[in-house]
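Step one of this worksheet: look at the structure below.
The values are calculated or read from the model by the stated rules, or taken from the named source; none is laboratory data. Please read these numbers as outputs of a predicted model, since none were measured by experiment. When we count neighbours, we look across all protein chains shown, and the Cβ atoms used for this are built from the backbone with ideal geometry, even at glycine. In case anyone asks, the SASA skips ligands and DNA or RNA and just uses the protein heavy atoms, side chains included. Shrake-Rupley method; radii C 1.70, N 1.55, O 1.52, S 1.80 Å.
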Amino acid sequence: IERVPLNNNFNIKIKLLNKNGKIPSKSHSDDIGYDLYADSDYIIAPGEVVRIKLSIAIQLPINVGGFVLPRSGLASKYLIAPINSPGLIDPGYRGELMVPLMNYSKVTYTVKKHERIAQLVAITTENLEFHEVDNLDESERSDGGFGSTGKN
């Protein structure tokens, strides 16, 4: 697998606002999204939106924004997803991160403390270069699709 060398890591400062905050993490080393975790239990009735607190605040570099995206497994299996997807975290925002989850199903859903409820993807203003090829390299995940990380 070819890895594109990056000039710099994005150093993100994070503040845990209380003992329930959890630092975002990845399920696989080659994942792009970092899982975001609920700080406690929440009940979301059908058709309801609940702002799920993460008990974390972050400081993004000036040229980096954060997209808060749905977890495909949670959305496709339980019909639970952020209502404002994608949510954008601007570099100047320093407040607590929250995710407004909507229950699109007909049954009540309980979010458990430290459940993975969304994912954070950092975006930059750097340019991308595309190179056409006949085949793509195999990966651990390959074409596994929605929710293929094997975790809820």
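Within the accessible area of the chain, the carbon and sulfur atoms contribute 52%, probe 1.4 Å, all protein chains present.
As a test of the formula, what do you get for the chain when each DSSP H run with n ≥ 4 contributes -39,500 (n - 2.57) and the sum is divided by the residue count, at 222 nm and rounded to the nearest 500 deg cm²/dmol?
Working: 1 runs with 7 residues, N = 152.
Helices in the chain give a 222 nm mean residue ellipticity of -1000 deg cm²/dmol.
The lysines whose alpha-carbon is closer than 18 Å to the alpha-carbon of LYS22, local same-chain residues fewer than 8 away aside, are LYS13, LYS53, LYS112, LYS113, LYS151. Rg/Rh for region 68-112 (Cα atoms only, Rh after Kirkwood) is 1.04.
Using the beta-carbon distance between ILE12 and VAL107 and R0 = 41 Å, what value does 1/(1 + (r/R0)^6) give for FRET efficiency, to the nearest 0.05? Calculated value: 0.70.
For the chain, the orientation-averaged shadow of the C-alpha convex hull comes to 10.1 nm² (one quarter of the hull surface). Among residues other than TYR109 with Cβ under 12 Å from its Cβ, the summed charge is 0 (Lys and Arg +1, Asp and Glu -1).
A simple spin-label model places the labels of ALA122 and LEU136 2.3 nm from each other, with each point 7 Å out along Cα-to-Cβ.
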